[in-house]
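Notes for the one structure printed next.
The values are calculated or read from the model by the stated rules, or taken from the named source; none is laboratory data. Source: prediction; values computed, not measured. Please note: Cβ atoms are built from the backbone with ideal geometry, for glycine as well, and neighbour counts cover all protein chains shown. Only protein heavy atoms, including side chains, enter the accessible area calculation; ligands, DNA and RNA are left aside. Shrake-Rupley method; radii C 1.70, N 1.55, O 1.52, S 1.80 Å.
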Amino acid sequence: MILLDNSEQLLALFESLARSIPESLKVYGSVYHINHGNPFNMEVLVDSWPEYQMVIIRPQKQEMTDDMDSYTNVYRIFSKEPQKSQELLKNCEIINWKQRLQIQGLQESLGEGIRAAAFSNSVKVEHSTAVLLATEDILKLNASYKSKFGSWAETGHPDDDFEREIPNFKYAQLDVSYSGLVNDNWKLGKNERSLRYVKRCIGALPAACMLGPEGAPVAWLTMDPSCEVGMAYSVEKYRKTGKMAQVIVRYKKYLLQKNIPFYVSVLEENERSRSSAKAAGFFEASCEWHQWTCYPQNLVPF
């Protein structure tokens, strides 16, 4: 495969991927961050250029030093012909099948090639799926879409966003000092590797919260390296009080103002969260969110 590291090529790819949304959204969001500072040191591979059939986003080699760190060892894939992906995916130079890793994409048809490639490398695969939701603006993106980005810390939020607060509550940027709190309440976290990942997300990407009377976050959400919004959580005392809804609406407003792409995924059985997302202006996409977690035989968890 070909490594794209030229800024003009990456911009052209970004604009091209917009034509394939929603299926390309996870790769599209990853390329967005790569084009705007690349805080997670990711790289882009295509099977050919300028015409391509497959795009793979992966961390640069120096990032993947821990064979057990599936928070870092993540590959995000989009293919125009997912049924033909098997031979490329088998290649150990493209995917390091000796590590515990995740493959993420928004095309269920990638699964057959991923499982076949994993089997040929003696790797166990667990598949999970969720409902993909995005705003109408994102779902209707096209090649004329122009994105711009400012440092989260530098741009902050418009002052009027802070003026209409409920007494004793304040919408704010989520500070990295609360990474432990986020990690301890993240269903997929609660370990040292996830804590490092959470710190990196909060420190490098937009993250928001509602501060309560004690000055600590009572509701929060973050963004990942593919522009997916997640880790959303409300402390039990403040659930069903609208605090999370306030965070989502203001966070969404900020991202739209800055033309930062974003989307969310929700488990199909989580009707409450799906309803909340729809109430906040999200629509269910025509494709689903998919993740294949891969374990080499010597790294299969007990």
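State yes or no: is PRO217 in contact (Cβ under 8 Å) with a residue 40 or more places away in the chain, surrounded by 20 or more Cβ atoms within 10 Å (Cβ to Cβ) and within 20 Å of GLY37 (Cα to Cα)? Show your work before the answer.
Numbers: in contact (Cβ under 8 Å) with a residue 40 or more places away in the chain: yes; surrounded by 20 or more Cβ atoms within 10 Å (Cβ to Cβ): yes; within 20 Å of GLY37 (Cα to Cα): no.
Answer is no for this residue.
THR155 meets each of the listed conditions (1) touching a Lys or Arg at 6+ places or on another chain (Cβ under 9 Å); (2) modelled with pLDDT of 95 or more; (3) hydroxyl-bearing (Ser, Thr, Tyr) apart from (2).
Of the residues making up segment 238-289, not one is under 17 Å from the mean Cα position of the chain (by Cα), of a type in the set (D, E, K, R) and on the phi > 0 side of the Ramachandran plot. Scanning segment 187-237 for residues that are polar (S, T, N, Q) and over 14 Å from SER70 (Cβ atoms) yields THR222, SER226, SER234.
Conditions (1) over 17 Å from ASN96 (Cβ atoms); (2) of a type in the set (Val, Ile, Thr), marked per residue:
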site: SER30; (1), (2): yes, no
site: ASN35; (1), (2): yes, no
site: ASN41; (1), (2): no, no
site: ILE57; (1), (2): no, yes
site: MET68; (1), (2): no, no
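When the criteria are applied in full, ASN168 meets the requirement of being at positive phi and touching a residue at least 24 places away in the same chain (Cβ under 8 Å). Of the listed requirements (1) crowded, with 17+ Cβ neighbours inside 10 Å; (2) among the hydrophobic types (A, V, I, L, M, F, W, C); (3) at pLDDT 95 or above, LEU89 misses just one: (3). Scanning segment 287-302 for residues that are touching a residue at least 12 places away in the same chain (Cβ under 8 Å) and over 20 Å from GLU112 (Cα atoms) yields a total of 2. Quickly run through segment 36-49 and pick out the residues that are open to solvent by 30 Å² or more (accessible area, probe 1.4 Å), touching a residue at least 40 places away in the same chain (Cβ under 8 Å) and more than 14 Å from the chain's Cα centre (by Cα). Listed by number, the residues that qualify are HIS36, GLY37, GLU43, ASP47, SER48, TRP49. SER7 passes every criterion in (1) more than 16 Å from the chain's Cα centre (by Cα); (2) surrounded by 22 or more Cβ atoms within 10 Å (Cβ to Cβ); (3) of a type in the set (Gly, Ala, Ser) apart from (2). Across segment 192-206, the number of residues qualifying as in contact (Cβ under 8 Å) with a residue 40 or more places away in the chain and either within 28 Å of THR241 (Cβ to Cβ) or in a strand (DSSP E or B) (or both) comes to 3.
Which of the strands (runs of 3 or more DSSP E) found entirely inside segment 224-302 contain at least 1 residues meeting this: farther than 15 Å from LEU133 by Cβ? Give the derivation first.
Values: elements: 229-234, 264-266, 282-296.
Result: 229-234, 282-296.
No other residue among TYR238, TYR251 is of a type outside the set (Gly, Ala, Ser) and open to solvent by less than 20 Å² (accessible area, probe 1.4 Å) apart from TYR251.
Out of all the residues in segment 217-248, which are of a type outside the set (Asp, Glu) and under 16 Å from TYR263 (Cβ atoms)?
Listed by number, the residues that qualify are LEU221, THR222, MET223, PRO225, SER226, CYS227, VAL229, GLY230, MET231, ALA232, ILE248.
Would you confirm, using the coordinates I've provided, whether TYR178 is hydroxyl-bearing (Ser, Thr, Tyr), modelled with pLDDT of 95 or more and open to solvent by less than 50 Å² (accessible area, probe 1.4 Å)? In short, no.
Given ALA117, ALA18, which one is open to solvent by less than 10 Å² (accessible area, probe 1.4 Å), closer than 22 Å to VAL264 by Cα and among the small types (Gly, Ala, Ser)?
Values: ALA117 fails: closer than 22 Å to VAL264 by Cα.
Residue meeting the stated conditions: ALA18.
Out of THR65, THR72, I need the residue that is open to solvent by less than 40 Å² (accessible area, probe 1.4 Å), under 29 Å from GLU192 (Cα atoms) and not acidic (Asp, Glu). Which one?
Values: THR65 fails: open to solvent by less than 40 Å² (accessible area, probe 1.4 Å).
After ruling out the rest, the residue left standing is THR72.
Just to check your reading of the model, which residue among LYS84, LYS98 is at pLDDT below 85, open to solvent by 50 Å² or more (accessible area, probe 1.4 Å) and outside the structural domain of GLY189 (by the TED database)?
On the way: LYS98 fails: at pLDDT below 85.
Step by step, each of LYS84, LYS98 is checked, and only LYS84 is at pLDDT below 85, open to solvent by 50 Å² or more (accessible area, probe 1.4 Å) and outside the structural domain of GLY189 (by the TED database).
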